[in-house]
Amino acid sequence: MEQSGHPRAQPLGGGLWACVAYFSAILAAGLGLALFVPGDGFVYDVTLAWVLVAMGSASVSLWLIFVRAHAARGFILASLGVTLGLWLCELQWGGGIGIEEGAPGAASVAVDAVYGCLSLAILVYVALSPSVRATLSLPLGESAGTRPANDPDEVRYSFERPFSWPWWRNLGIYYAASSIIGHWGEIAFCWLIVLGIFDGHYDFSHAQLWQEWLYPYPAEGIAAVLCVVVLYPFKQWLLERFKGEVFPTLVVSFFVIMAVCCAVDFLTGVTVNWDYHLWDYRDLPFNFMGQVMLQNTLVYSVIATFAVWVLYPWAARLLHRARPAAVNGAFFAFAGAYAFLEVLYFVNVTPTGLAFG
């Protein structure tokens, strides 16, 4: 998509196809690991950092190879160096994968040996091979985004065309980032409950909240997507109807956002919290079926309103102005690392088959 006007890409040779197979195997191994290791058995240590970096860098490396980017060679060398460094730290200080204590078994040692040898072979090949230099030679598209001419005050913003690649790519970034940041927001909200600022319950033994910091909260990611796809366009539509008057637009949009937040919170509750094992508001004032309560809905509505009016326009403007290659690279890095987290925490192989949630 970014190579138009440049010489036709050369076909990948056998060595680069071997690199493709290596990075594809890294992704498959990471997702397989996430399938067979339960989330609560994965220690938050250097092992997790190694896996996440390996997944993210493998995704970006595959993309750079397939577009024959000149930047691929430098990225592969740098990312493989970092990944191998983390792997050595994992061997020295990591808790191992699925090993709670004791010396690792022969299978684990064999896997480490194969991984180390293959990684070093790929590193040396990419560094020294003339064919890699010749094939990975195309520019990656360094043009920056431009500010729309009809946006003098930046109150409105001309975003990417719906359903285009940049639109889907940015949605993926918003979803993944919001799922993690939303988790941290829940931690902050619970601390406000601990301090007595809000009513509610908290449980410091809840590992998914307090210990597993990268546990994705899909409801927050879905809320971010709704802000982009539904609530921001609705706010813009209201702004046109009110002839640019901010105050009435803000008031009406806030109440609509509050209704959407309440609906998302309630649907999430009856779907994943039907037995009240995650939260229970039945003994708190202004609750409905113990799944939603007015206090929380107001807090979520204020945050969502801020996202619609301030945060999303800022983030979209930032991505629009950034170099497309940088944003694409960020997306693929997010995709690889986030896929591991999603599978780790929401899909698991059990003796009776696949378990979800």
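The values are calculated or read from the model by the stated rules, or taken from the named source; none is laboratory data. Everything numeric in this text was worked out from a predicted model, so none of it was measured. Every residue, glycine among them, receives a Cβ derived from its backbone with ideal geometry; neighbour counts consider all protein chains shown.
Numerical summary
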item	result
Selection status of Phe42, buried (at least 19 other Cβ atoms within 10 Å of the Cβ), at pLDDT below 90, assigned by TED's automatic domain parsing to the domain that holds Val126 and within 15 Å of Leu344 (Cα to Cα)	yes
Residue among Ala58, Ala49, Ala54 that is surrounded by fewer than 17 Cβ atoms within 10 Å (Cβ to Cβ) and either assigned to a helix (DSSP H, G or I) or in contact with a Ser or Thr (Cβ under 9 Å, 6 or more places away or on another chain) (or both)	Ala49
Of all residues in the range 186-245 being among the hydroxyl-bearing types (Ser, Thr, Tyr) and surrounded by 12 or more Cβ atoms within 10 Å (Cβ to Cβ), the one that is modelled with the lowest pLDDT	Tyr202
The range 265-278 - residue that is touching a residue at least 24 places away in the same chain (Cβ under 8 Å) and buried (at least 19 other Cβ atoms within 10 Å of the Cβ) and, of those, nearest to Asp199 (Cα to Cα)	Asp265
Sole exception among (1) in a helix (DSSP H, G or I); (2) within 29 Å of the chain's Cα centre (by Cα) for Trp279, by number	(1)
Failed item in (1) within 22 Å of Trp63 (Cβ to Cβ); (2) at pLDDT 90 or above; (3) surrounded by fewer than 18 Cβ atoms within 10 Å (Cβ to Cβ); (4) not basic (Lys, Arg), with Phe332 passing the rest	(3)
Residue in the range 312-323 that is surrounded by the most Cβ atoms within 10 Å (Cβ to Cβ), counting only those that are within 28 Å of Ser79 (Cα to Cα) and within 18 Å of the chain's Cα centre (by Cα)	Leu319
Residues (aliphatic (A, V, I, L, M) and under 24 Å from Leu341 (Cβ atoms)) located in the range 173-212	Ile173, Ala176, Ala177, Ile180, Ile181, Ile187, Ala188, Ala207, Leu209
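So that you can scan it fast, the table gives a plain yes or no per residue for (1) at pLDDT below 90; (2) outside any helix (DSSP H, G or I); (3) assigned by TED's automatic domain parsing to the domain that holds Ile180:
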| position | (1), (2), (3) |
| --- | --- |
| Leu250 | no, no, yes |
| Asp275 | yes, yes, yes |
| Val299 | no, no, yes |
| Trp309 | no, no, yes |
| Gly336 | no, no, no |
| Leu344 | no, no, no |
| Leu354 | yes, yes, no |
